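**Student:** Just dropping this structure here.
Coordinate-derived values only; no laboratory data. These numbers come from a predicted model, not from an experiment. Here the Cβ positions follow ideal geometry from the backbone for every residue, glycine too, while neighbour counts run over all protein chains shown.
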Amino acid sequence: MKILKYLFLLLLLSLVALSIFVATQKGDFTVERSKVINSPKSAVFNYVNDYKNWADFGSWTAQDPEMKINYPQNTIGKGASYSWEGKEGNGSMKTIFVKENDSIAQKMNFEGTASTVFWSFKDTVGGTKVTWKTTGKMSFLFKIYTAFNGGVNKVIGSMYEKSLANLDKILDYEINTYTVKVNGLIKMPETFYLHQTFTSEISKVIKNFRIVTPKIITFCEKNNLPLAGKPFVIYHTYDLVNGLTKISICVPIKNQIYTSEGSDLLTGKLEAFEAVKTTLTGDYSHIIKAMDITNAYIASRQIAINPSLSHIEVYTAGKTETKSPSKWVTEIYYPTKPTLVANPINAVPNKTAIIPNTTAILAPKTDIVVPKARLEVIVPKTKTDVVVPKAKKDAVIPKAKKTVPTPVKEVEIPSEF
């Protein structure tokens, strides 16, 4: 009996000693890890800036597959947040600062331990250098946990190292796997839409699209306006030198409506038109490459483009349809000039008038699939065979009389854009 008392006393003294030791340990901590990610800076930044992607690269989800994650409506940018409930404890995180394509600051609380989390993104050889840092003050329970697991630097540091390795692996495939397909000339139907128009930095178009589009869709839902397709953006201007563009963020609707004067949302209509279509399958960061390929296709076939706007982008499949960037689909349309038709001339008595058609003969549609490859547009030379009928024997072939064609006044159909 005395032995049990001694053992109990010894255990109690050990617990007291351990408590005193833990309590006297320094509670402040700083942990930092860095890794070069083999992906463009903007792609890495946008991926990390959305909490819905964290479950894919965070090492903690592999350790606790039954973890329950709660997402509010806003998971991107300043003010975004999320929370979780797991076997190791519960926590929450909120974004308090964002500098586009540069840095992110967040506040985290895990079982009473509050910390500030910093991310930085820098261009470097081989991709993007990502630095993940956290500073804070440990709670008593967290001190005990880290004391039995090698210290706070090992606990958090190993978690950051595994997560950054996962981030590199995911982005290397998901961001860098893409294809560009030039579909050729297609006809687009008449479209009614609601839109908001403003000038934006080119680099922030997708961010603005993700903010404005839900507002328009919510307006449609509240007013029982059925949608008629995927959201799209009309680029009225596209200034690469200054990095600015005038855009209309649009949601197509089935029927034309009229909004009240002074409303943030306006109604619009696209008349049916012909355009050169290109399909980008993959992350949106490859949009410039897709545009370059399209412009090369247009130039090689001497297709006349409508100068009243730059182009139109339709987001057929994105983050709401699939979490995998390699499966996102963006359709690009370059509207062509309206068809030119000549006036009737050279009417022949008692016969149908001869009306020359000046419509340009366009090259047939061609699909060009470019999987991470250099585009080489080959325009075949046109061979013309001229057949001259044999003259009858002793026939006299009169000399051809040189004719001067009557000038034809071109009438351009007004653009509906």
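**Student:** Would you tally the net charge around TYR333, using a Cβ to Cβ cut-off of less than 10 Å, leaving TYR333 out, and scoring K and R as +1, D and E as -1?
**Tutor:** -2
**Student:** Separate question: Roughly what would the spin-label model give for ASP102 and ASP28, points 7 Å off Cα along C-beta, in nm?
**Tutor:** Here the modelled spin labels are 2.7 nm apart.
**Student:** Now for a different question. Set the Förster radius R0 to 25 Å, insert the Cβ-Cβ distance between GLU85 and LYS137 as r into 1/(1 + (r/R0)^6), and round the FRET efficiency to 0.05.
**Tutor:** Efficiency for this residue pair is about 0.65.
**Student:** While we're looking at this one, here's another question. Subtracting the Cα-Cα distance from 0.36 nm times the residue separation, let me have the gained length for ASN153 to ASN38 in nm, one decimal.
**Tutor:** 38.8 nm
**Student:** Compute the length gained on full extension between ALA317 and GLN302: take 0.36 nm times their separation in residues and subtract their Cα-Cα distance, giving the result in nm to one decimal.
**Tutor:** Length difference between fully extended and current span is 2.3 nm.
**Student:** Now for a different question. May I ask you to list the GluC sites (Glu not before Pro) in region 223-285 that are in a DSSP loop and have at most 14 other Cβ atoms within 10 Å of their Cβ?
**Tutor:** GLU261, GLU271
**Student:** Let me ask something else. Dividing the alpha-carbon radius of gyration of region 182-340 by 2.2 N^0.38 Å (N being the number of residues), what value is obtained?
**Tutor:** 1.04
**Student:** Further question: List the residues whose amide H sits under 5 Å from the amide H of GLY318, counting only those 5 or more places along or on another chain, with H placed 1.01 Å from N in the peptide plane.
**Tutor:** The answer is VAL329.
**Student:** A follow-up question, please. Students often get this wrong, so check it: of LYS68/LYS230; LYS52/LYS99; LYS99/LYS207; LYS41/LYS133, which have C-alpha atoms separated by over 24 Å?
**Tutor:** Table pairs above 24 Å Cα-Cα are LYS68/LYS230.
**Student:** Could you tell me whether region 37-163 comes out rounded, prolate or oblate from its Cα gyration tensor? Rule is a ≥ b ≥ c as square roots of the eigenvalues, rounded for a/c under 1.5, then prolate if a/b exceeds b/c, otherwise oblate.
**Tutor:** Verdict is prolate for region 37-163.
**Student:** I would also like to ask the following. If amide hydrogens are placed 1.01 Å from N in the peptide plane, which non-local residues have theirs closer than 5 Å to the one on THR259?
**Tutor:** Correct list: THR267.
**Student:** So, one more: Once you list every other residue whose beta carbon is under 15 Å from the beta carbon of GLU201, what net charge do they have if Lys and Arg are +1 and Asp and Glu are -1?
**Tutor:** That sum, taken over residues with Cβ under 15 Å, equals +2.
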